[in-house]
Amino acid sequence: MPTFAFDDDAVTVIIGSGAGGGTLAHELTRRGIKVVLLEAGKREAPETFSQSPNEAFGMLTWLDPRSQSGDWSVARDFPTLPVWHCKTVGGSTVHWTAASLRLHEWELKPATTFGRMAGSSYVDWPIPYKELLDYYRLAEKRMYVTRRNGIPGLPASNNFKVFYQGAKKLGYRKVHTNYMAINSRPQDERSICLQQGFCVQGCKVAAKWSTLYTEIPRAEATGKLDLRVGAQATRIEHGKDGRVTAVLYRDAEGREQRQKARLVCVAGNGIETPRLLLLSDSARFPDGLANASGNVGRHYTRHTMGFVWGVFDHPVHMYRGAVLAGLVEDETVHDARRGFAGGYHLELCALDLPSFPQVGMPYGWGRDFARTIESYANMAGMLIVGEDVPRADNRITLDPVRRDRWGLPIPHLHVDEHDNNLAMRHHAQERGNMLYEAAGAKQVLFGPPPPATHNMGSCRMSADRRDGVCNSHGQTHDIPNLFISDGSQFTSSGSANPTLTIVALALRQAEYIAKQMTARAI
Amino acid sequence: MEQPSPLPWLIDRRRFLQNVTGVITGVLVAGSPLALLAPSRSWAIELGSLSSDEGTTLMAMLRSLAPHDHLEDAAYAMVVKGIDRKAGQDQALRTMLKDGLSQLNADGPFAGQDEDRRVALLRRIEATPFFQSVRVDNLMMLYDTPQAAALCGYEGEVFSKGGYLYRGFNDLKWLPDPPLADAGPLDL
């Protein structure tokens, strides 16, 4: 593997190796573009993934401190861990559960579709749906998504059988084992899914797509990738012309390094990406990079989430099998008669035993709580994934007081949930309740939203430079050689798990970057 | 946030280098998942931060937070050991625990009270950082023990056995199977 010189100003520096950064690294290097890929975490492999849920959590999770405020329940339930994403090569594609859903055309036009909504900051996406659809198709091929391109669906698990029965009794029509980037047959030189139920701990047989063992090794094979692990970016520097010129980072030994760059692409997940731009303030850019419009860190969205657990008379063993392999699509419509804007998915979900009481029902104690946990084997589960209304003041800022180990301000999250979210969650929980009752549940329990795994919108793309941070290619409005390459660039959350869209946008961005480089525009 | 640890409170050789501040002992229940592994059914955990009395109080608190009648003391003792170990690395936590536990014993030994009384005492301190810290650690550690897994019917990792693909991921028979079109074939 080549090691490019620190003063090589022809390289593209990508920060973060997850769905966005890892895919982009492969796409650029296979076009002959030299890439330095900075990853803050270590490099694991299927052989090193832990089979203890608690240990795996410690191994893969971004545990650097974050502070938070606002009325969202996560602030109460998970005060020290408001978001749950990864710090490891492959980023959150190591722990993701592989649901690969497309946004719908109307979800790209929320301002138009929903009309004026007080307390929201919607704008429409600046990208034509037809064009995005082309990249969805490419991404689905790349990731071997089931139920697309003739790839069979995953088989029905016990948890899915319960889910399916209830959903069909309720009259739902589009119910199936989800669009999953998990092998339902051997392909891409990777195993089929062995239904271990350990998706979140890292797939031991690599049946689940992850940039860790797909895009990144392929990028390395081109000879054009210099992957630096344990390298945490701390600042992006710019020159007199306002273009970015270098990235400062701490290497695995904690030493400060400076890598020169022709181009910088930031893909550090929805919290760290805006934080890095804010940390890179200068005399010329006193509010941080690419922040002339004041939108860096704002409009931060997750998804409207929540768990529904059904308790049955007979065993389910929900932990056996691919975690998210089940989907109801019927509620993914905009129907104002339901009392809220936007749509949601009901997705099959299971939690392992150590995680269930921590994440699935995090505030219980006493007799009732203990009795619930004891019915774990007879439980079926689902997760609500719905539109989250963007608000200008739901945002990532720099904590005014607390510092990380490098002396830099930690990120602060502020989230006040819009009433639309509450109405949607209530509707979805009621539907989930009815679904499990229709399947014969003797008890149905609701779990609150977990720490946010889908972090979007905090450097959003916009047609008008006053409304966002970047254009439809992720290129920042203010600085032509600075790109946003992760879910931060989403204009709105929609109701689709974000990874497929992140990958589709990375494929599209790579084409754009290569063309712009050839034209010497960047 | 402190990194959670898997099962280091079972065997932790560093403990031998530290002072022992307390001991809790008990006997494994016949049929305990640990009884198969342990050379003897008697167990003892050595504490490095808490006294024996504090350990006993903490164990009673854990059982009141998660009262599983069929879960043996050894499972709760593992959590005591895990919390004691964390306290050994964190002075602020150690102080908070000692203060909180002593407050629980203010009107006589907490461990000697009946369950209603213990629950009432805990309700009073539900909002305190001490209570929340112990409650969350208990969730994290108790349900990671082999005894809790056995009690709740959780089989855990199965990679070493080839996954649940042939070990029951689809063995549910009390509902009909969904049609193939909405699921997918088994790849044999």
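Just so it is clear, none of the values below were taken in a lab; they were calculated from the coordinates. Quick caveat, the model's predicted, so the values are computed rather than measured. Positions of Cβ are backbone-derived with ideal geometry, glycine not excepted, and every protein chain shown enters the neighbour counts.
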Separation in nanometres of the label points that stand 7 Å from Cα toward Cβ, at residue B:116 and residue A:404: 5.3
Average beta carbon contacts from partner chains per residue of A:367-373, 10 Å cutoff: 4
Karplus (6.51, -1.76, 1.60) ³J(HN,Hα), θ = phi - 60°, over region A:513-520, in Hz, Gly and Pro reported as x: 4, 4, 5, 5, 5, 4, 7, 6
Partner lysines for residue A:204 [C-alpha distance under 23 Å; skip if fewer than 8 residues away on the same chain]: A:42, A:87, A:141, B:161
Efficiency of FRET between residue A:334 and residue A:76 - r from beta-carbon atoms, R0 25 angstrom, step 0.05: 0.25
Relative contact order (%) - chain B, alpha-carbon pairs under 8 angstrom, separation at least six: 22
Sorted by Cβ neighbour density within 10 Å, fewest at the top, the residues A:151, A:513: A:151, A:513
Residues residue B:180 and residue B:133, FRET efficiency given R0 of 51 Å [Cβ-Cβ distance, rounded to 0.05]: 0.55
Mean separation of Cα contacts under 8 Å, 6 or more apart, over the residue count of region A:223-273: relative contact order %: 26
Helix A:419-438 vs. chain A, principal-axis angle (Cα, 0 to 90°, nearest 10): 40
Burial ordering of A:495, A:52, fewest other beta-carbon atoms within 10 Å first: A:52, A:495
Percent of beta bridges antiparallel (DSSP, chain A, rounded to nearest 5): 65
Average beta carbon contacts from partner chains per residue of A:197-204, 10 Å cutoff: 3
Long-range HN-HN contacts of residue A:83 with modeled amide H, under 5 Å: A:452
Neighbourhood net charge (9 Å Cβ-Cβ; Lys/Arg +1, Asp/Glu -1) for residue A:148: +2
Helix axis angle, B:115-124 relative to chain B longest principal axis, alpha carbon, degrees: 80
Simple spin-label estimate for residue A:423 and residue A:516 in nanometres, 7 Å along Cα-Cβ: 3.9
Equivalent ellipsoid, region B:13-157 (semi-axes from 5 times Cα gyration tensor eigenvalues, Å): 24, 19, 14
Spatial separation of Cα centroids for region B:143-188 and region A:370-446, in angstrom: 26
Cβ-defined net charge surrounding residue A:506, 11 Å radius [Lys, Arg +1; Asp, Glu -1]: -2
For B:70, A:414, order by how many other beta-carbon atoms lie within 10 Å, fewest first: B:70, A:414
5 angstrom amide H check on residue A:304, placed H, neighbours 5+ away: A:386, A:387, A:388
Cα gyration tensor category, rounded, prolate or oblate, for region A:310-388 with a/c compared to 1.5: prolate
Residue-averaged 222 nm ellipticity for the protein assembly as shown, from DSSP H runs of 4+ at -39500 (n - 2.57), nearest 500: -8500 deg cm²/dmol
Note, ³J(HN,Hα) from phi for region A:308-313, Karplus 6.51, -1.76, 1.60, rounded to Hz, x at Gly and Pro: 10, 10, x, 9, 10, 6
Angle in degrees between helix A:129-143 and the longest Cα principal axis of chain A, rounded to the nearest 10: 80
Cα centroid separation, region A:198-218 to region A:38-85 (Å): 18
Relative contact order (percent, whole number), chain A, Cα cutoff 8 Å, 6+ residue spacing: 25
Average silhouette area of region A:12-518, convex hull of alpha-carbon atoms, in square nanometres: 21.8
Candidates B:81, B:98, B:161: whichever shows maximal mean-square fluctuation once chain B is modelled as a Gaussian network with Cα springs under 10 Å: B:161
Per-bin percent of Cα-Cα distances, region A:48-185 [10 Å]: 9, 21, 32, 33, 5, 0
